[in-house]
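None of the figures in this text is laboratory data; all of them are computed from the coordinates on show. Bear in mind that the values here come from a model prediction, so they are computed numbers and not experimental data. Note that we place each Cβ from the backbone using ideal geometry, even for glycine, and neighbour counts take in every protein chain shown.
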């Protein structure tokens, strides 16, 4: 077991807090330089296997967290939870590691080989926005850690690793983590974690997304007419909706629900799931529907009638938040048990004892006429103890006028999903 120190000198980062105090933490390791990354060296099959596992995890987790018995808006970030657990698989051994990998539905070698593909898909800066995913470990400064494990975290999981003093400067450690989260989420997540002097490690994932509807960053117009939105309790709200540009295809209808999508300027996709008459959102927003959504091919053309379909979603602006400990869901629904017990095996990272006491998932998402703005944090707290081609274009609308489910994704990676009852 080897305690790690920076090779050249001890690097101290100072953050100025609102109390004008200095919060210091020591950098142990950083992610490898993106310039060294080459898609040409990657295994396509391994990457597709990883993406399939993230979607299966997302569908199962969404099904577990959605109770369908209230009138609140719901949002989670399944990719943030998945990524955070992927880091946990890197620092654990034995049955603890096996349970986490089983929950993720993926082989550890696939994570090692293809996680950086996923990471770089979710880190881009655009003309009018960005997407940013970050991973970090916050380690008590008295903990001995394995250099090889930090290398894997940095090289394969693109993780920042820091020393902080949870024992003697708990407030300073809390402030440092708060400031890191606040910076990485551009101020959307302003959270202080309830840590104490028994905290030995915090595993942190952050996700930030901002994108506009069009290349100019201009707001969409409200519809001229007012729509009646019916929530899951039958309450009616009359509002003007927004209507992004048309996308090729027509509404998919399987009898129980209808679905179509809109896309932002940089290709972020929002699928809307609207129950048909006689069904409620509780009836149709489940794992089975999300599995169907993963494989839908929208009808674009009717060759017999020489028609090409174009559809625009007409939907209300909405906002949703989430801030819960998801430990119970991971334990009960995904059978991650040892990680939360005295049997937790952290020997890949350290010889110190400890187990995960909380998994705090925090999300804030707004979809409005300006675009999409969202952020998520998952914190695992470990304590000791078309051209002229003969077709006629048909233009249709898909109106989201009742409680609906939604999935925001990029390149088939589910970033946010949930249910909207209130607008």
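A few remarks follow.
- Applying the Kirkwood pairwise sum to the alpha-carbon positions of the stretch 40-132 produces a hydrodynamic radius of 14.8 angstrom.
- In plain terms, the residue of 317, 305, 147 with the fewest other Cβ atoms within 10 Å comes first and the most crowded comes last, giving 305, 147, 317.
- In this entry, the chain is assigned a mean projected area of 23.0 nm², taken as a quarter of its C-alpha convex hull surface.
- Estimated translational D of the stretch 229-279 in µm²/s (Stokes, Kirkwood radius over Cα pairs; 10 °C; 1.306 mPa s): 122
- log10 of Debye I(q)/I(0), alpha-carbon scatterers only, for the stretch 189-238 at 0.19, 0.23, 0.30 Å⁻¹: -0.87, -0.97, -1.14
- With neighbours defined as other Cβ atoms within 10 Å of a residue's Cβ, the residues 198, 45, 182, 260 order from fewest to most as 45, 198, 182, 260.
- Counting every C-alpha pair in the stretch 87-138, the share spaced more than 14 angstrom apart comes to 61%.
- For the stretch 115-260, the Kirkwood hydrodynamic radius from C-alpha pairs, put into Stokes-Einstein at 4 °C and a viscosity of 1.567 mPa s, yields a diffusion coefficient of 66 µm² per second.
- Residue 246/residue 280 FRET efficiency (R0 41 Å; Cβ-Cβ; nearest 0.05): 0.90
- Bridge type composition, the chain - antiparallel percent by DSSP, nearest 5: 85
- The per residue volume of the convex hull around the alpha-carbon atoms of the stretch 317-423 is 194 Å³.
- This ranking places 253, 364 by how few other beta-carbon atoms lie within 10 Å of each, fewest first, which gives 253, 364.
- Kirkwood-based Rg to Rh ratio, the stretch 255-331, C-alpha trace: 1.05
- Whole-number D in µm² s⁻¹ for the stretch 229-387, Kirkwood Cα-pair radius fed into Stokes-Einstein, 37 °C, 0.692 mPa s: 167
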